[in-house]
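Okay, so here's the structure we're looking at.
The values are calculated or read from the model by the stated rules, or taken from the named source; none is laboratory data. Predicted model only: the values in this text are computed from it and were never measured. A quick note on method: Cβ atoms are made from the backbone with ideal geometry, for glycine too, and the neighbour counts reach across all protein chains shown.
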């Protein structure tokens, strides 16, 4: 994906993954049991489904309030203003932390933490 792909909203070119936080005590056996239980109700799981650790290290973040489709200017502030001013460069994949349920919150009130690992 090129940076302009995000700005131009070329979603078919984005490379992304969805992650769900699990407690540290959740192990491989518990994961397999949960997957088996879900398969009975929901059918086959994606081939990419897995349990893994995510250690992003030092990161910067900014709160975005509004629709997901309007995140680009907020991300631009993080990457083009804050990071250069503080002598930081990217060091991993950008990710979002969704604080609102889009099924229950109006788009203009959605809250999303936009997070970027840095060095």
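Within segment 103-116, the residues that satisfy the criterion of being surrounded by fewer than 18 Cβ atoms within 10 Å (Cβ to Cβ) and more than 10 Å from residue 61 (Cβ to Cβ) are 103, 104, 105, 106, 107, 108, 109, 111.
Can we say residue 34 is surrounded by 13 or more Cβ atoms within 10 Å (Cβ to Cβ) and farther than 27 Å from residue 10 by Cβ? Yes; evaluated as a whole, the condition is true for this residue. Checking each residue of segment 102-111 against the condition of being in a loop (DSSP other than H, G, I, E, B), at pLDDT below 95 and under 27 Å from residue 27 (Cβ atoms) gives no match. Taken across segment 13-34, residues that are in a strand (DSSP E or B) and either modelled with pLDDT of 95 or more or more than 18 Å from residue 93 (Cα to Cα) (or both) do not occur at all. Set side by side, the residues 48, 22 differ, and just one is loosely packed, with under 10 Cβ neighbours inside 10 Å and either under 28 Å from residue 119 (Cβ atoms) or touching a helix residue (DSSP H, G or I) at 6+ places or on another chain (Cβ under 9 Å) (or both), which is 48. Within segment 28-49, residues that are closer than 17 Å to residue 18 by Cβ have Cβ atoms under 6 Å from residues that are part of a helix (DSSP H, G or I) in these pairs: 45/35, counting only partners at least 6 apart in sequence or on another chain. Look at residue 51 and say whether it is at pLDDT 90 or above, more than 15 Å from the chain's Cα centre (by Cα) and within 22 Å of residue 98 (Cα to Cα). Yes: the conditions hold for residue 51.
The residues on offer are 93, 64, 79, and the sole one that is in a loop (DSSP other than H, G, I, E, B), in contact with a strand residue (DSSP E or B) (Cβ under 9 Å, 6 or more places away or on another chain) and either modelled with pLDDT of 95 or more or surrounded by 13 or more Cβ atoms within 10 Å (Cβ to Cβ) (or both) is 93.
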